[in-house]
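Okay, structure first, notes after.
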Amino acid sequence: MCGRFALSMTGDALAQLFEAAPANDLPPLPNYNICPTTQIHVVYRESDEATGQRRLVPMRWGFIPRWYKSPSDGPLLINARAETLAEKPAFREACRMRRCLIPADGFYEWFRPEGGEKLPWYIQPAGQGPMVFAGIWQDWEQDGERLSTCAMVTTEATGRMAEIHHRIPVILQPEHWGKWLGEEGHGAARLMKPADDETLRFHRVGKAVNSNRASGPDLIEEIDA
């Protein structure tokens, strides 16, 4: 799973990168410790076939199924497994109709050596540009409370990533953003595969990130493994 990530680009830079119209209430950036249930930056495509405009908006990281009576009525769904995405009642409609992009600089994952404590790693792109996760989204409303919510799609890890954790977010290259958003016909399911080792960089970071109250760019600084 992925439970924490970082993003430092400005909202204007993100809007330009994705050619998306930005909302006025985007979360503040940079943020080097983005946690579940907070508002994150999400790109989706409007369903209106006439315009099909991309939008950059804030969404709650934590997908809420329509039948939840409150945001905490069931498990916190920050990740959705690629292997069952099209089948799970909570996700199958969003999988078909409401896919989104979640930009990041990189994400954190924790590895526990045998008999030891969990140690945080930071995983980021090997080259230039942001890391963009495949996501799904859904609006939820009950008793006058309305939230736009999302989850990150994950798949089975391979290579170096599998040595740290058995799951990895589905990472989309720029040439695949339109396909995932439904702008280029069918075939999005073929994008749900792990990233190749050569596209990623891995390094150990300090345990300060273990706290969801920690902040600042020092969280992503490399330490000796």
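Below is a table of values for the structure above.
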{"read-out": "Solvent-accessible surface (1.4 angstrom probe) belonging to ASP143, in square angstrom, nearest 10", "value": "150"}
{"read-out": "For region 24-29, Karplus couplings with θ = phi - 60° (6.51, -1.76, 1.60), whole Hz, Gly/Pro x", "value": "7, 10, 5, x, x, 9"}
{"read-out": "Surface accessible to a 1.4 Å probe, SER72 within the full protein complex, Å²", "value": "100"}
{"read-out": "Residues whose placed amide H lies under 5 Å from that of ARG167, excluding near-sequence neighbours", "value": "ALA157"}
{"read-out": "Sites matching GluC sites (Glu not before Pro) across region 120-225 that sit in DSSP coil, with at most 11 neighbouring C-beta atoms within 10 Å", "value": "GLU183"}
{"read-out": "Convex hull of Cα atoms in the chain, direction-averaged projection (nm²)", "value": "12.9"}
{"read-out": "Heavy atoms of THR10: accessible area, 1.4 Å probe, square angstrom to 10", "value": "80"}
{"read-out": "Rounded to whole Hz, the Karplus (6.51, -1.76, 1.60) HN-Hα couplings of region 13-19, x for glycine and proline", "value": "5, 5, 4, 5, 4, 8, 6"}
{"read-out": "DSSP loop trypsin sites (Lys or Arg not before Pro) with at most 14 other Cβ within 10 Å: longest gap in the chain", "value": "119-212"}
{"read-out": "Total formal charge among the other residues, if their Cβ is under 12 angstrom from that of GLU19, Lys/Arg +1 and Asp/Glu -1", "value": "+2"}
{"read-out": "Net charge contributed by nearby residues that have their C-beta within less than 15 Å of VAL205 (K/R +1, D/E -1)", "value": "-2"}
{"read-out": "Rounded to whole Hz, the Karplus (6.51, -1.76, 1.60) HN-Hα couplings of region 57-62, x for glycine and proline", "value": "9, x, 9, 6, 7, x"}
{"read-out": "Over 32 Å (Cα to Cα) - which of LYS118/LYS193; LYS88/LYS118; LYS179/LYS207 fall in this group", "value": "LYS179/LYS207"}
{"read-out": "Residue order for PHE111, PHE91 - accessible surface, 1.4 angstrom probe, largest first", "value": "PHE111, PHE91"}
{"read-out": "Per residue, in Å², the accessible surface of the chain once ligands and nucleic acids are set aside, probe 1.4 Å", "value": "50"}
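The values are calculated or read from the model by the stated rules, or taken from the named source; none is laboratory data. All values derive from a computational prediction rather than experimental measurement. With ideal geometry, Cβ positions are generated from the backbone for all residues, glycine too; neighbour counts draw on all protein chains shown. Only protein heavy atoms, including side chains, enter the accessible area calculation; ligands, DNA and RNA are left aside. Shrake-Rupley method; radii C 1.70, N 1.55, O 1.52, S 1.80 Å.
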